[in-house]
């Protein structure tokens, strides 16, 4: 609740003077709850694919989110500035990201044919600021942040503000003398983020994550827990372990390799190209099969072919594969022609037995400990049973964690079995090290007068995405249920017959003035609408607290109060109405 003048002669906010534009139906392209409800509640209006106008009701939510973020960033010692939306290409060429970012980076030219980008993030600009403003170790540490429009040219914008092209992000960048100081800055931002999401009233989980295009060596995502989330989170209910599925370590599910007990046998498996079909045909558990994934890396001398082996019930984790020696520079899936040339058959019957040395073989940790397994025979319509390492094929060239974890897998920290849940990424913190400072010669003079690169971190929060994430976590069949801290209004007074009844008008104005003076963000609905329309509008919009004043109730000396999550209204004496509202607001 925010303070307001106590001598208001007229209600601070009347619904008739505000812009309320609810819709009964959602647009046909709206797939998830937040997109449907934001449009129906009059919070956004689509301008182009992934580009929205934020209407007055939605903008109020955004401003409240920004206020909480600013408070906690300032408290953590970060300093606000504002960097441009349009950035010169020269800075991006210094770091190499002009070429690496791909079509997601929107490139434009000015009238002089000079290259610019519409910023998706601001590492280059802030590093340029730091190298120009910071010369001495005495000026460190520093943490600059801003809240600014970003643009990423998503191939397929969808889900409203959850995956838009234009969005608002808070991004912060820390600069330190050494790694120890940078890790302290990272920890401070981690703690600040936890407090921000707690104050926003959201259920969230910080998880270890891949650093992706930003780079660096340490990273955590902040995930709002929601069934519609695009990300999968692996966590251990018995410990603090949590990681994005891309990074979650998959321990071997077989402690050690058993001795061979079966002969190698070539069996007919007609028209069975999937491990599931092979297992069903042979009457064996899927866990006895081995899956072949064929990759290629393009080298000057030609394509190098890689065979990655996973258990039949497991899926390849491409992020983990990209971290392996030989694959870290980038890979692609092999073409059918390349597969035929190296394996002598069509995809679907591939395996590691009888290969030439030209194919490099990597086995997942679990596969490396399997015995008597089933694998493709490199001949159409045939597989091998009873395959064993060492006896029937060479030991794998390399053993690595290649797969996604599954629910029930052991947690890497020994805390028990893992569980899987969905989440929406709303924040990300990165320990960058000297990746950008070295590329852009961003140095300071240390105590001895020698130049050293600044050690950096970067920290982002998707401001507009948070609006959608909050709705995904808080809605029902009637509409949005906002956490009070970020609701467009904390309380609505629905005055039935406001323009016709002096008693209703006087009581509504009095309550509104009292609540506004106490710092409540309150709106008085004075519209000449049917009660059902007014109730439906505010339930759709999701205001957390509601008071209904009507002539019939006033004659009895009463009014109704109802929280958005309540199933029924509570009748209150008029004298109890104001203290009850204040108490409910302060308890929320």
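Points to keep in mind about this one:
- Answer from 9, 30 - the residue that is crowded, with 17+ Cβ neighbours inside 10 Å, modelled with pLDDT under 95 and outside the structural domain of residue 582 (by TED's automatic domain parsing): 30
- Residue in segment 284-296 that is under 27 Å from residue 97 (Cα atoms) and not assigned by TED's automatic domain parsing to the domain that holds residue 434 present: yes
- Assessment of segment 252-273 against the conditions (under 24 Å from the mean Cα position of the chain (by Cα) and either surrounded by fewer than 22 Cβ atoms within 10 Å (Cβ to Cβ) or modelled with pLDDT under 90 (or both)) yields no matching residue.
- Test: residue in segment 373-385 that is under 16 Å from residue 287 (Cβ atoms), outside any strand (DSSP E or B) and assigned by TED's automatic domain parsing to the domain that holds residue 292: no
- Among the candidates 457, 449, 433, residue that is touching a strand residue (DSSP E or B) at 6+ places or on another chain (Cβ under 7 Å) and surrounded by fewer than 21 Cβ atoms within 10 Å (Cβ to Cβ): 433
- Residues located in segment 109-126, provided they are assigned to a strand (DSSP E or B), over 28 Å from the mean Cα position of the chain (by Cα) and surrounded by 11 or more Cβ atoms within 10 Å (Cβ to Cβ): 115
- Residue match in segment 184-200 (condition: under 17 Å from the mean Cα position of the chain (by Cα), in a loop (DSSP other than H, G, I, E, B), modelled with pLDDT under 95 and crowded, with 17+ Cβ neighbours inside 10 Å): no
- Any hit, segment 8-28, residues being farther than 30 Å from residue 497 by Cα and free of Cβ contacts under 8 Å to residues at least 12 places away in the same chain: yes
- In segment 44-64, the residues that are farther than 13 Å from residue 482 by Cα and crowded, with 18+ Cβ neighbours inside 10 Å: 44, 50, 52, 54, 55
- Applying the set (1) more than 30 Å from residue 139 (Cα to Cα); (2) in contact with a helix residue (DSSP H, G or I) (Cβ under 9 Å, 6 or more places away or on another chain) to residue 386 leaves exactly one unmet item: (2).
- Residue match in segment 151-158 (condition: within 21 Å of residue 466 (Cβ to Cβ), assigned to a strand (DSSP E or B) and modelled with pLDDT under 95): yes
- Residue tally, condition farther than 20 Å from residue 266 by Cα and part of a loop (DSSP other than H, G, I, E, B), over segment 351-369: 3
- Odd one out for residue 45, checked against (1) without any contact (Cβ under 8 Å) to a residue 12 or more places away in the chain; (2) in a helix (DSSP H, G or I); (3) touching a strand residue (DSSP E or B) at 6+ places or on another chain (Cβ under 7 Å): (2)
- Extreme residue, modelled with the lowest pLDDT, among residues of segment 324-350 that are assigned to a loop (DSSP other than H, G, I, E, B) and under 23 Å from residue 265 (Cα atoms): 346
- Within segment 159-180, the set of residues being assigned to a helix (DSSP H, G or I) and buried (at least 18 other Cβ atoms within 10 Å of the Cβ) comprises 160, 161, 162.
- Residues in segment 108-149 that are without any contact (Cβ under 8 Å) to a residue 24 or more places away in the chain, on the phi < 0 side of the Ramachandran plot and not assigned by TED's automatic domain parsing to the domain that holds residue 185: 5 in all.
Yes/no matrix, rows are residues, columns are (1) assigned by TED's automatic domain parsing to the domain that holds residue 202; (2) touching a helix residue (DSSP H, G or I) at 6+ places or on another chain (Cβ under 7 Å); (3) touching a residue at least 40 places away in the same chain (Cβ under 8 Å):
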site	(1), (2), (3)
513	no, no, yes
519	no, no, yes
545	no, yes, yes
552	no, no, no
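- Some residue of segment 316-323 being assigned to a strand (DSSP E or B) and either at pLDDT 95 or above or on the phi > 0 side of the Ramachandran plot (or both): yes
- Taking segment 408-510 and the strands (runs of 3 or more DSSP E) fully enclosed by it, the elements with 3 or more residues that are touching a residue at least 60 places away in the same chain (Cβ under 8 Å) and closer than 30 Å to residue 128 by Cβ are at 419-433, 443-445, 455-462.
- Any chance residue 99 is out of contact with any strand residue (DSSP E or B) (no Cβ under 7 Å at 6 or more places or on another chain) and buried (at least 18 other Cβ atoms within 10 Å of the Cβ): no
The values are calculated or read from the model by the stated rules, or taken from the named source; none is laboratory data. Since the model is a prediction, treat every value here as computed from it, not as a measurement. Virtual Cβ from ideal backbone geometry, glycine too; neighbours counted across all protein chains shown.
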